[in-house]
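**Q** The structure's right below; bear with me while I get my questions together.
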Amino acid sequence: MTSTDPPSLRPGSPAARRTFVVASAVVLLLLAMLVIGVATILRGGGSLVATDPHAPPQPLPLPEPPPSGYVGSAACAECHAEIASRYAEHPMGQSLARIGDERPIEDYAHPSFSPDQRRQYLVERRGDEVFHHERLADPHGEWIYDQAEQVNYVLGSGQLGRSYLLERHGTLYQSPIGWYTSGARWDLSPGYDRATNPRFQRRVGDGCLYCHAGRVLSEAPRSDRYEPPVFAELSIGCERCHGPGEEHVRRQRASGGEPGRDPSIVNPAHLDFDRREAVCYQCHLQGESVIPRFGRSMFDFRPGQRLEDSLIVLVGKTRVDAQGHARAVSQVEQMRSSTCYLQSSQRMGCTSCHDPHGVPREEERVTFYRQACLKCHQEDACALEPAERQQPPADDSCVHCHMPSKQSSDVPHTAQTDHRILRRPDLAEAPEDELRVPIQEAVVFDGAEQRLPRREVERARALAMDDKLTSDDADTAREIERLLLGGGMLSDDVGAGLQLLGNDPPALNALGTACRMQKRYQEAEICWQEALRYNPKDEQALLLMLLHHHSLQDTRSALEYVERLLELLPDAPTLHGRRAHMLGQLGQTDQAIKAAERALELDPTLIQIHIWLIEVYTGRGELDRADEVRKLLERFRLSGGE
């Protein structure tokens, strides 16, 4: 039989074989590219659409719920009793406790302090109950008010200090009173000004709890509201580092504790570098802003993931300012700037120096950390003579010289030990605590921007910018809108813009705020209404709608949003104060007075409410009641409490 193919391409000819090999290689390359792309999408690390910068923006897909099946650390202790016992002494194992269950380190024999001449704070312990008082005295030494609030939780191991949380109707608040281990003293909590402060109204939500609590019972993602009993596990537990353990426990119980590697549980030591370090980074990487990805919450990270699979962390481009001052940042950022890390080819990580299951005893600390240094450095590498470096207070400690601690630092969320691991710390600038980077200049940590869908990165940038806004800024508002809508404007096509954002109340709220700052009020209201359509209990959208309608002097509509917020936050004094003002505007004076009185029960320092009551009582001819409030207000003014 005669072939019709050219002689050079007949089967078996050298040219035919070369053509087959080339074609096969091309096919295999295309298949490999497809597999890599699909795998990237499946693990949440990328998007085929997002790789094309010219493609029209698409709604972000709602991710699958993260793996569940938690059993609690007590189940782990059945087989890992020795590790569990050591971990119970670790600061992470004591990060949160109910009042009455905590290890007492505070001085209840000296329970009061005064940040100024008139104001006093008092801690009162009644058995397993603790109450925090704020008092204000008039010039005669008589108390104008003595507000006592029961605290429910102790936050912090006490290594540096402790904060205290109040629970009210599924929401948590920080007490203004804190305990400082350095100096063994009570004082105002970090960030509380001595003259004016949020008192008992500083809200605590996922953004704080995810580094201090094991697991929370969230009412909804990003709601900062919790179902009883609020915490599924109080302190940081085994499953925060090893993943949900239900299947692992089932297998071990069925097999009688058969040894060997079990793929149903995560051992961070067996992960690649990025995934291993992400287990620590989920809490110890502070950055400029941490934004959960679309459809995720702060608690959705699971061991075995990259950090950016759940959280996008924005960090400063540089750790040094124009004057050469190093920024005070989290341990991770400092460590990754160190020569030790940079020359380790990613062999150095958090567990190179730290045992995640325990801390060395005080008499073992120097040797423990010195041995960590000697894994890479030679014994004779130190320039000092042995006799010199063994003198107190160094005591032959590498850390003492190369990782000095801040002296009596009470700054939260910064490295207390200098993790830059400098050769000559005495010649380097000390970290500046207050130096921050404008969020517009921040970059995604560890180059994750190259692995993430472009829309995810732009969304995270927009939400971070929205969170940092402190005043009306039309330029920033336009940038937020551009980032959220893929370069477009909501006014171009409102329907398409809302469809692009999809079920994303945080983005809808930010877009609404951006429109309001550009004086496009109707579009702003549409965004907030859309957020409430997805989540009728979205506190941010309800508050934005309240402020919007009140600014338009639409008092009845604004009052409706106040009422909806008070259903969620019945103990919010400022909401009761707003309700009093609106009811007064609508002529419902009796109800308005009751609302004002309730506001003052919750916060007696609301001076504007006192002034409003004087005006109302005077207008009603109730001069005795007006005079009574006027005298109280005068005592406030004389005490400096206004």
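The values are calculated or read from the model by the stated rules, or taken from the named source; none is laboratory data. The structure presented is a predicted model; accordingly, all values stated were derived computationally and were not measured. Virtual Cβ from ideal backbone geometry, glycine too; neighbours counted across all protein chains shown.
**Q** Residue 49 - would you say it is within 32 Å of the chain's Cα centre (by Cα), at pLDDT 95 or above, in a loop (DSSP other than H, G, I, E, B) and on the phi < 0 side of the Ramachandran plot?
**A** Spelling it out, it is not the case that residue 49 is within 32 Å of the chain's Cα centre (by Cα), at pLDDT 95 or above, in a loop (DSSP other than H, G, I, E, B) and on the phi < 0 side of the Ramachandran plot.
**Q** Suppose the filter is at pLDDT 85 or above, in the same structural domain as residue 350 (by TED's automatic domain parsing) and either surrounded by 18 or more Cβ atoms within 10 Å (Cβ to Cβ) or part of a loop (DSSP other than H, G, I, E, B) (or both); does residue 399 pass it?
**A** When the stated conditions are applied, residue 399 passes them.
**Q** Now for a different question. Quickly run through region 545-563 and pick out the residues that are buried (at least 18 other Cβ atoms within 10 Å of the Cβ) and touching a residue at least 24 places away in the same chain (Cβ under 8 Å).
**A** 546, 548, 550, 558, 559
**Q** Next up: Please tell me if residue 207 is surrounded by 19 or more Cβ atoms within 10 Å (Cβ to Cβ), within 17 Å of residue 156 (Cβ to Cβ) and either without any contact (Cβ under 8 Å) to a residue 24 or more places away in the chain or among the small types (Gly, Ala, Ser) (or both).
**A** No.
**Q** While we're looking at this one, here's another question. For region 114-131, state whether one or more residues are over 25 Å from the mean Cα position of the chain (by Cα), closer than 18 Å to residue 234 by Cβ and part of a strand (DSSP E or B).
**A** Yes, that holds for at least one residue.
**Q** How many of the residues making up region 297-317 are assigned to a loop (DSSP other than H, G, I, E, B) and closer than 17 Å to residue 279 by Cβ?
**A** 5
**Q** Looking at residue 574, is it out of contact with any Leu (no Cβ under 7 Å at 6 or more places or on another chain) and not hydrophobic (A, V, I, L, M, F, W, C)?
**A** Spelling it out, residue 574 is indeed out of contact with any Leu (no Cβ under 7 Å at 6 or more places or on another chain) and not hydrophobic (A, V, I, L, M, F, W, C).
**Q** Let me ask another. So which residues in region 249-274 are under 30 Å from residue 342 (Cβ atoms), surrounded by 15 or more Cβ atoms within 10 Å (Cβ to Cβ) and in contact (Cβ under 8 Å) with a residue 40 or more places away in the chain?
**A** Within region 249-274, 268, 274 qualify.
**Q** Under the condition of being out of contact with any Asp or Glu (no Cβ under 6 Å at 6 or more places or on another chain) and not charged (D, E, K, R), which residue from region 191-205 is farthest from residue 136 (Cα to Cα)?
**A** My answer is 204.
**Q** Got a sec? Which of 159, 117, 147 is touching a strand residue (DSSP E or B) at 6+ places or on another chain (Cβ under 6 Å) and either polar (S, T, N, Q) or farther than 28 Å from residue 206 by Cβ (or both)?
**A** Of 159, 117, 147, the one residue that is touching a strand residue (DSSP E or B) at 6+ places or on another chain (Cβ under 6 Å) and either polar (S, T, N, Q) or farther than 28 Å from residue 206 by Cβ (or both) is 147.
**Q** Now for a different question. I need every pair where a residue in region 340-357 that is on the phi < 0 side of the Ramachandran plot has its Cβ under 6 Å from the Cβ of a residue that is part of a loop (DSSP other than H, G, I, E, B) and at pLDDT below 95, sequence separation at least 6 or different chains.
**A** 340/348; 340/421; 341/348
**Q** So residue 280 passes all but one of these: (1) not in a loop (DSSP other than H, G, I, E, B); (2) not assigned by TED's automatic domain parsing to the domain that holds residue 345. Which condition number does it fail?
**A** Among (1) not in a loop (DSSP other than H, G, I, E, B); (2) not assigned by TED's automatic domain parsing to the domain that holds residue 345, the lone unmet condition for residue 280 is (2).
**Q** Of everything in region 213-228, what is assigned to a loop (DSSP other than H, G, I, E, B) and surrounded by fewer than 18 Cβ atoms within 10 Å (Cβ to Cβ)? Give them in sequence order.
**A** 219, 220, 221
**Q** List, please: which pairs have Cβ atoms under 8 Å, are six or more places apart or on different chains, and start with a residue in region 133-147 that is free of Cβ contacts under 8 Å to residues at least 24 places away in the same chain and assigned by TED's automatic domain parsing to the domain that holds residue 111 and end with one that is part of a strand (DSSP E or B) and of a type in the set (S, T, N, Q)?
**A** If the second residue must be part of a strand (DSSP E or B) and of a type in the set (S, T, N, Q), the pairs left are 133/120; 133/147; 135/120; 135/147.
**Q** Read through the list (1) more than 29 Å from residue 205 (Cα to Cα); (2) within 31 Å of the chain's Cα centre (by Cα); (3) not small (Gly, Ala, Ser), then give the number of the only condition that residue 554 fails.
**A** (2)
**Q** Out of region 589-618, which residues are farther than 23 Å from residue 571 by Cα and either at pLDDT below 95 or not in a helix (DSSP H, G or I) (or both)?
**A** Selection gives nothing.
**Q** Could you look through region 172-193, keep only residues that are of a type in the set (Phe, Trp, Tyr) and in contact (Cβ under 8 Å) with a residue 60 or more places away in the chain, and pick out the one that is farthest from residue 151 (Cα to Cα)?
**A** This residue is 180.
**Q** Looking at the structure I just gave you, is residue 232 closer than 25 Å to residue 155 by Cα, touching a Lys or Arg at 6+ places or on another chain (Cβ under 7 Å) and in a helix (DSSP H, G or I)?
**A** No; evaluated as a whole, the condition is false for this residue.
**Q** From the set of residues in region 57-76 that are under 18 Å from residue 504 (Cβ atoms) and surrounded by fewer than 16 Cβ atoms within 10 Å (Cβ to Cβ), which is modelled with the lowest pLDDT?
**A** In this case the residue turns out to be 58.
**Q** With 638, 566, 633, 613 as the choices, which residue is surrounded by fewer than 20 Cβ atoms within 10 Å (Cβ to Cβ), out of contact with any His (no Cβ under 6 Å at 6 or more places or on another chain) and farther than 30 Å from residue 525 by Cα?
**A** Only one candidate qualifies: 638.
**Q** Which numbered condition in (1) at pLDDT 95 or above; (2) aliphatic (A, V, I, L, M); (3) surrounded by 14 or more Cβ atoms within 10 Å (Cβ to Cβ) is the only one that residue 160 fails?
**A** (1)
**Q** Still on this structure, please answer the following. Could you run through region 582-610 and say how many residues are among the small types (Gly, Ala, Ser) and either surrounded by fewer than 20 Cβ atoms within 10 Å (Cβ to Cβ) or within 23 Å of residue 200 (Cα to Cα) (or both)?
**A** 4
**Q** Out of region 275-296, which residues are modelled with pLDDT under 95 and either out of contact with any Leu (no Cβ under 8 Å at 6 or more places or on another chain) or exposed (fewer than 13 other Cβ atoms within 10 Å of the Cβ) (or both)?
**A** Listed by number, the residues that qualify are 283, 284, 286.
**Q** How many residues, within region 569-581, are crowded, with 19+ Cβ neighbours inside 10 Å and not in a loop (DSSP other than H, G, I, E, B)?
**A** 8
**Q** Another question, then. Given region 437-518, what helices (runs of 4 or more DSSP H) lie entirely inside it while holding 1 or more residues that are under 25 Å from the mean Cα position of the chain (by Cα), without any contact (Cβ under 8 Å) to a residue 60 or more places away in the chain and crowded, with 21+ Cβ neighbours inside 10 Å?
**A** Qualifying helices (runs of 4 or more DSSP H): 454-468, 474-484, 505-517.
**Q** What pairs can you find where one residue is in region 586-597 and in the same structural domain as residue 613 (by TED's automatic domain parsing) and more than 18 Å from residue 566 (Cα to Cα), the other is among the β-branched types (Val, Ile, Thr) and modelled with pLDDT of 95 or more, and their Cβ atoms are less than 8 Å apart, with a gap of 6+ or different chains?
**A** Cβ pairs passing all conditions: 586/555; 589/616.
**Q** Take the residues of region 248-261 that are at pLDDT 90 or above and over 16 Å from residue 74 (Cα atoms): which is nearest to the chain's Cα centre (by Cα)?
**A** 251
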